Amino acid sequence: MTVQEQIIATAQQYRVDRDLALAQAWAESRYDQSRISPKGAIGVFQLMPGTARDLGVDPYNVVQNIEGGIRYLRQMLGQFGGDVQKALAAYNWGPGHLATAIARYGEQWISYIPQETKNYLRDVLNLLGSWLPPVEGPERSRRAQDSPAASAEQEGVNWVLLGLAGILFFFLLVDGS
């Protein structure tokens with residue numbers, strides 16, 4: 001089973017949107033299990049050793065890393081009411097930090113998160129809105145070409161998501177100046 005197939009299967013198991021899980025894993029490590037960040041995050045979902053320990057997974061084992069990363073994302077989605085931006089920010093910055101920012105700044109929380117987390121949100125949301133690395137090889141693009149209605153519908157969804165990503169990016173830029 002490929003890394004992408006393992007992500008899809010695990011996302012289905014934990015009822016996490018597969019495209020969100022794929023985008024997050026791509027943004028985290030480019031699906032590279034051997035990647036270790038300068039801060040010590042490990043593998044495909046860039047699990048910190050303490051987080052992996054809390055989740056009861058071995059971050060060096062690709063299947064356990066994926067399972068832990070998706071389970072942690074599911075926890076963040078649950079903790080932050082299904083809000084994808086907040087869940088991703090909590091995954092990247094830590095749920096305690098994010099909860100403090102939300103309590104202190106309310107709806108303006110995004111203006112007070114670290115630039116690294118803003119960049120992370122932008123990267124994952126851009127992947128969701130415009131492009132994902134191939135999951136099933138040429139099969140994925142062939143399906144879209146086979147159905148003009150599906151292709152037009154997807155193009156409309158892509159424009160909406162791209163617009164939302166643009167709005168987020170604008171607010172991130174305004175805050176940064």
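At a glance:
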item	result
Chain lengthening between residue 100 and residue 53 when straightened (0.36 nm per residue, less Cα-Cα)	14.6 nm
Inter-probe distance in nm under a simple model that places probes 7 Å from Cα toward Cβ, at residue 37 and residue 19	2.5
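We did not get these values from a lab; they are worked out from the coordinates using the rules stated. Since the model is a prediction, treat every value here as computed from it, not as a measurement. Every residue, glycine as well, gets a Cβ built from its backbone with ideal geometry; the counts of neighbours run over all protein chains shown.
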